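One structure below.
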Amino acid sequence: MTDKETVLIVDDEKEISDLIGIYLKNEGYAVLKASDGLEALEVLKKSEVHLIILDIMMPKMDGIQACMRIREEKNMPIIMLSAKSQDMDKIMGLSTGADDYVTKPFNPLELIARVKSQLRRYTRLNIPNEKKKDEIDIGNLSINVATHEVIVDGKEVKLTPREFDILELLARNKGIVFSIEKIFESVWKEDYYESDNTVMVHIRKIREKIEMNPRKPQYIKTVWGVGYKFEN
């Protein structure tokens, strides 16, 4: 990976910390280490960390306390490590904000697989704002503004430029009712004429392409006497 993602290993057992570090570095990750919860909090103040592997049983500040403190400010994935395998220990670890729980002794390859899985999820949820502006996801409908692609139930749907503009307008403003006049003037950039049914025709065509049942639309709802809105 070009921009290395950084993993913080928090464990007072040096052999385990070193072993995990070797596997992570082999996968291209940058590695930071701390031997207890207090030291981990200091590392987080100074360095950008994308995932934490956090042992529960440690001196000074254990993993449960550290996890609770970290979650007050940070949302990166946390994988708990523990020699205990009882369900209550797992529940306690996960209820304090951990994303995953691995019992010692563990297979390092399994731990690495979990690291990759958590980082993929974290990356998806934290896409930079510039990318988010280009993508609108509602239910089974995905709209990519940059590429003008519309995906419904995993299949691409072809819309005309005007249809796409109407869909984007409504989808960006979920729950807000737009009058036919407002839609026309926003999309066509012209004055609306009372007898013009252009918008209604376009709405009908959009529904035929994105709705499972155009007569009972899931996405674009008619607000009688007012206009249209995208279902929130």
Among the candidates Leu81, Leu41, residue that is crowded, with 19+ Cβ neighbours inside 10 Å and either modelled with pLDDT under 90 or closer than 14 Å to Val10 by Cβ (or both): Leu81
Test: residue in the stretch 177-184 that is over 30 Å from Leu19 (Cβ atoms), touching a helix residue (DSSP H, G or I) at 6+ places or on another chain (Cβ under 8 Å), outside any helix (DSSP H, G or I) and at pLDDT 90 or above: yes
Among the candidates Lys132, Lys158, Lys116, Lys174, residue that is closer than 30 Å to Tyr29 by Cβ, exposed (fewer than 15 other Cβ atoms within 10 Å of the Cβ) and modelled with pLDDT of 80 or more: Lys116
Selected residue [within 22 Å of Leu109 (Cα to Cα) and not small (Gly, Ala, Ser)] from Ile70, Ile64, Ile52: Ile52
Residue count for the stretch 139-156, restricted to those that are of a type outside the set (Gly, Ala, Ser) and under 25 Å from Ser179 (Cα atoms): 6
Conditions (1) in contact with a His (Cβ under 9 Å, 6 or more places away or on another chain); (2) of a type outside the set (Ser, Thr, Tyr); (3) at positive phi: number failed by Val187: (3)
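The values are calculated or read from the model by the stated rules, or taken from the named source; none is laboratory data. Computed from a prediction, not measured in an experiment: that's the story for all the values here. With ideal geometry, Cβ positions are generated from the backbone for all residues, glycine too; neighbour counts draw on all protein chains shown.
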